[in-house]
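The values are calculated or read from the model by the stated rules, or taken from the named source; none is laboratory data. Bear in mind that the values here come from a model prediction, so they are computed numbers and not experimental data. Reconstructed Cβ throughout: ideal geometry from the backbone, glycine too, with neighbour counts over all protein chains shown.
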């Protein structure tokens, strides 16, 4: 495998991190319009009890739907490493977690060796990424890169890392139901008003969470011990991240049609805008054929063993 191929593989791992960040819900957005002629109750700010009732109902329906079509845009300041935009679209399922998404944007274009778009398939805690024909030329015709994150955690020998990674895998995509659950934990969640999203009338809700509140309410972090959670919290706060601003728009069928969360960093604001449609759509995700797939972590292990062996000789 050539060095250029390894470099492209490294960029793809950055893309994995982007997906994970998106999945964790660091979002924020624009592009809404006030709904004209909405019923009077829609124009009236709702009480906290009414807000809780609406978001709880949306959580229950979304959780039961288990899947939706998704269109997501992540934007990071240009001053950040790998800053720019990343657009993802496709189908996503939760309980269990599955995805079939296509990525494109300036974050990929930053590396000339990367294809213009990358298809990503997630199934059974394993991620597959279509790295295109250039990668296939270096990999005996195999264009799909396999990342078995569960195996990575088990092979690390670090029990804390294993707990964090395997626990996070269960909620890696942070489905819209989980986002609603986190918003319900916001101490200042409120009803903003009626707006139209993608031509559909919806009710807009907004709340904020400090880093500590986010850590406490994020289900994927509950597997961590007290010290591990404190270390995670300290690391995030040391990075200059103060908290998260979460927004959701719920349609008349009690489903979220859009979710935004903005995260302020010292370099600027990281935002992801996510649109959801077709709840309950079939998320029939299939892994690529084994003959077209190479295992990145297996190759890294073999490379490490080869270097170790040559060092002993």
Review point. Under the condition of being surrounded by fewer than 19 Cβ atoms within 10 Å (Cβ to Cβ) and either at pLDDT 90 or above or in contact with a strand residue (DSSP E or B) (Cβ under 8 Å, 6 or more places away or on another chain) (or both), which residue from region 74-86 is farthest from residue 256 (Cα to Cα)?
Key: 79
Practice item. Answer yes or no as to whether residue 189 is more than 30 Å from residue 114 (Cβ to Cβ), surrounded by fewer than 19 Cβ atoms within 10 Å (Cβ to Cβ) and at pLDDT 85 or above. Key: no
**Study point:** Options 274, 293: the member that is at negative phi, buried (at least 21 other Cβ atoms within 10 Å of the Cβ) and at pLDDT 90 or above
**Key:** 274
Check your understanding: Just wondering, is there one or more residues in region 167-177 that are outside any loop (DSSP other than H, G, I, E, B), at pLDDT below 55 and more than 24 Å from residue 279 (Cα to Cα)?
Key -> yes
Study note, to complete from the structure: The one condition residue 247 fails out of (1) over 26 Å from residue 209 (Cα atoms); (2) within 18 Å of the chain's Cα centre (by Cα); (3) part of a strand (DSSP E or B) is (1)
Exercise for review: Kindly provide the set of residues from region 194-212 that are assigned to a strand (DSSP E or B), in contact with a helix residue (DSSP H, G or I) (Cβ under 8 Å, 6 or more places away or on another chain) and more than 16 Å from residue 180 (Cβ to Cβ), ordered by number.
Suggested key: 194, 201
Check your understanding: Taking region 277-290 as the search range and keeping residues that are out of contact with any helix residue (DSSP H, G or I) (no Cβ under 7 Å at 6 or more places or on another chain) and surrounded by 17 or more Cβ atoms within 10 Å (Cβ to Cβ), which one is farthest from residue 127 (Cα to Cα)?
Key -> 283
Practice item. Tell me which residues, restricted to region 180-193, are closer than 18 Å to residue 257 by Cβ and in a strand (DSSP E or B). Key: 191, 192, 193
Point to revise | region 176-198 residues that are at positive phi, paired with ones that are in a helix (DSSP H, G or I) and at pLDDT below 85 (beta carbon under 9 Å, 6 or more apart) | key: 193/42; 193/43
Point to revise | Counted residues, region 37-53 - those being buried (at least 18 other Cβ atoms within 10 Å of the Cβ) and at pLDDT 90 or above | key: 1
